[in-house]
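Just below is one structure, and these are the notes that go with it.
The values are calculated or read from the model by the stated rules, or taken from the named source; none is laboratory data. The shown structure was predicted, so the numbers you read here are calculated from the model rather than taken from an experiment. Glycine also receives a Cβ, built like all others from the backbone with ideal geometry; neighbour counts cover every protein chain displayed. SASA here: full protein model, heavy atoms, side chains in, ligands and nucleic acids out. Shrake-Rupley method; radii C 1.70, N 1.55, O 1.52, S 1.80 Å.
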Amino acid sequence: MSGERDERLAASVAEHPAGDDPLADFETLFERARREVAAPQDATACVLATADADGRPSARVVLLKGVDERGFQFFTNYGSRKAVQLAANPQAALCFHWPALGVQVRAEGEAERLPEAESDAYFASRPRGSRVGAWASRQSRPLTSRAELLERVAEAEERFAGEAVERPGFWGGYLLRPRRIEIWWDGEFRLHDRLVYTRRTDGGWNAERQYP
């Protein structure tokens, strides 16, 4: 039995190669997750952590809507709690976990608003009901009742009856430009494989393997 255990242990600590670009590696993993992760789990779901000007943190699940060589993209109401915190303190972190792949990815960096043209393009791709809902929701503000929200939805539907629903100026996207990315592969006996990438001043990345 000891030989079998030794083989399992060796397999559990197999090293994954360190690439030159963790964002490119993430894109590969992300596409795989979108193919292989089944409902009800959503491969685009990730935890976004922010903090206010005093450093008090908060976290919530958001949906990743794009990734490229710049970083990670998500969208929200600019009046939401997360957006208010990002305005006061742009430092943020994202965490993805895909149990089906045995992979976790963490990214830390600074968030900035996407250009309006990119927010317009994404907003136009959303279902009409979601576009109407963006106009109706005063995200993170007090709501007296569900009826009030439904009334605001009806008002927005009437406003745009027979017309395209344009993006409201209080809604749009963010780009998190990572300075640190960690890719973590599940290992047996909790002997996970962890690669940590940190951004260099020349734009490249340094890779370091860390103890699990």
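With (1) farther than 30 Å from Ala18 by Cα; (2) out of contact with any strand residue (DSSP E or B) (no Cβ under 8 Å at 6 or more places or on another chain) as the list, and Gly173 as the residue in question, which single condition is left unmet?
All conditions pass for Gly173, except number (2).
Could you say which residue among Ala161, Ala156 is aliphatic (A, V, I, L, M), open to solvent by less than 50 Å² (accessible area, probe 1.4 Å) and more than 20 Å from Arg106 (Cα to Cα)?
The unique qualifying residue is Ala156.
Could you grab me the full set of residues in region 45-68 that are under 17 Å from the mean Cα position of the chain (by Cα) and open to solvent by 20 Å² or more (accessible area, probe 1.4 Å)?
Ala45, Val47, Ala49, Pro57, Ala59, Arg60, Val61, Leu63, Lys65, Val67, Asp68
Can you tell me which residue is modelled with the lowest pLDDT among those in region 188-212 that are aliphatic (A, V, I, L, M) and open to solvent by 40 Å² or more (accessible area, probe 1.4 Å)?
Leu191
With the requirement that a residue be surrounded by fewer than 20 Cβ atoms within 10 Å (Cβ to Cβ), more than 28 Å from Leu195 (Cα to Cα) and of a type outside the set (S, T, N, Q), what does region 79-117 give you?
Those that are surrounded by fewer than 20 Cβ atoms within 10 Å (Cβ to Cβ), more than 28 Å from Leu195 (Cα to Cα) and of a type outside the set (S, T, N, Q): Gly79, Arg81, Val84, Ala87, Ala88, Arg113, Pro115, Glu116, Ala117.
For Ala38, all conditions in the list (1) in contact with a Gly (Cβ under 8 Å, 6 or more places away or on another chain); (2) surrounded by fewer than 12 Cβ atoms within 10 Å (Cβ to Cβ) hold save one; what is the number of the exception?
Just one mismatch for Ala38, condition (1).
Go through the residues of region 173-187 one by one and say whether even a single one is among the aromatic types (Phe, Trp, Tyr), open to solvent by 20 Å² or more (accessible area, probe 1.4 Å) and in a strand (DSSP E or B).
Yes: one or more hits.
Regarding Gly133, is this residue under 19 Å from Ala45 (Cβ atoms) and either acidic (Asp, Glu) or touching a Gly at 6+ places or on another chain (Cβ under 9 Å) (or both)?
no
Limited to region 135-149, what total is found for residues that are more than 16 Å from Asn77 (Cα to Cα) and open to solvent by less than 100 Å² (accessible area, probe 1.4 Å)?
Step one: of region 135-149, the residues more than 16 Å from Asn77 (Cα to Cα) are 144-148.
Filter once more, so that each one left must be open to solvent by less than 100 Å² (accessible area, probe 1.4 Å): 145, 147-148.
Residues meeting the conditions: 3.
Does Glu27 satisfy the criteria of being of a type outside the set (A, V, I, L, M, F, W, C), in contact with a strand residue (DSSP E or B) (Cβ under 8 Å, 6 or more places away or on another chain) and at pLDDT 80 or above?
Answer is yes for this residue.
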